[in-house]
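As structure tokens, the structure follows; a few thoughts come after it.
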Amino acid sequence: MKARVFIHSNEKQWVGALLSQYSLRRNSVHAAEFDVSILHVKDFPFLADREGKSYLRGGTKRVWKMNDLQSFTPLRFMPPELMGYEGRAIVIDPDIFAVGDIWQLLTRDMAGKAVMGRLRSNKEVGQNRERGQKDAVATSVMLLDCARLRHWRCEEQFGELFAFERDYKRWIGLLDEPRENIGLFEREWNDFDRLTPDTKLLHNTKRRTQPWKTGLPVDYTPADKFKRIPPLRGLMRLRARLFGEYGLLGKYAPHPDPKQERFFFGLLRECLEKGVVSEELLRGEMERNHVRHDAFEVLDRTPPLPA
């Protein structure tokens, strides 16, 4: 069985997913030796079946909404099953783009670990205490030994969130995975909004500054940072009731690093030239507020990427 990279996505991030898929092949000298598949939420109806229902997230109840920018995240746990619990796989978010050769990650020594990722923070995983959020793994990029992950059953475990038997934040951060199953790789394989000569996978992880959304109205639910400050949390709920789910949340801002905007639009330019993305598709995504409205103007001033 060929090794495979899975990109999980929804309608809002579809252009990103297409560019991510293109970048993985473009920048690998072993592109013929692995497959790249996009997992779209519409193909997994168990996600939509929970629309509007409450689930456990960070110890509190939240409402599951398919129109959220990141409604694809439960699909991070789908690849082992899709691989028949055999072989190697990588799963990545649709806002991650290959700068280096993904084959180097697909074929690296996992030292007997079932899953590898980077930490969300830069500290070591605690070995002698209960793990907290600072120990969470950034599952936006994972290298998987599928044969060792037979206990990953995505649909079943997703359902446990709504039975309040599983907490989304612990699930998504691998905090309930046995420590001995988890290995760590270098942050360059999931570089958070940082593009350097060492970057292998660039992750435009800060939603408000994703380069292809600049100027659009914010269309995602912000992290609940005020749950320990009841007055502020109450104001956020009042805002949503009076002005709508995304009311008064402002607009997407320009990315602070112009290099990352040029990299994304350099990929988009190539995808248009090669027919990976059509002009019709791009204009449709602009009309749906999934891509910034000045995308063609940005393309006009974007130089070609180095070969």
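The values are calculated or read from the model by the stated rules, or taken from the named source; none is laboratory data. Quick caveat: nothing in here was measured; it's all calculated off a predicted structure. Reconstructed Cβ throughout: ideal geometry from the backbone, glycine too, with neighbour counts over all protein chains shown.
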Exercise. For segment 107-116, name all the residues that are crowded, with 21+ Cβ neighbours inside 10 Å and outside any strand (DSSP E or B).
Key: Ala114
Quiz prompt | Of all residues in segment 178-223 being over 18 Å from Val15 (Cβ atoms) and among the polar types (S, T, N, Q), the one that is surrounded by the most Cβ atoms within 10 Å (Cβ to Cβ) | solution = Asn190
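Per-residue answers, yes or no, for (1) farther than 21 Å from Ala98 by Cβ; (2) touching a helix residue (DSSP H, G or I) at 6+ places or on another chain (Cβ under 8 Å); (3) in contact (Cβ under 8 Å) with a residue 60 or more places away in the chain:
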residue	(1), (2), (3)
Lys259	no, no, yes
Phe265	no, yes, no
Arg283	yes, no, no
Asn289	yes, no, yes
Practice problem: Scan the helices (runs of 4 or more DSSP H) fully inside segment 236-307 and keep the ones with 1 or more residues being within 20 Å of the chain's Cα centre (by Cα) and modelled with pLDDT of 95 or more. | Solution: 258-274, 279-287
Exercise. Scan (1) within 13 Å of the chain's Cα centre (by Cα); (2) among the charged types (D, E, K, R); (3) farther than 27 Å from Asn27 by Cβ for the single condition Asp176 breaks and write down its number.
Key: (1)
Exercise. Select from segment 80-123 the residues that are of a type in the set (D, E, K, R) and within 16 Å of the chain's Cα centre (by Cα) and write down the one among them that is farthest from Ser28 (Cα to Cα).
Key: Arg120
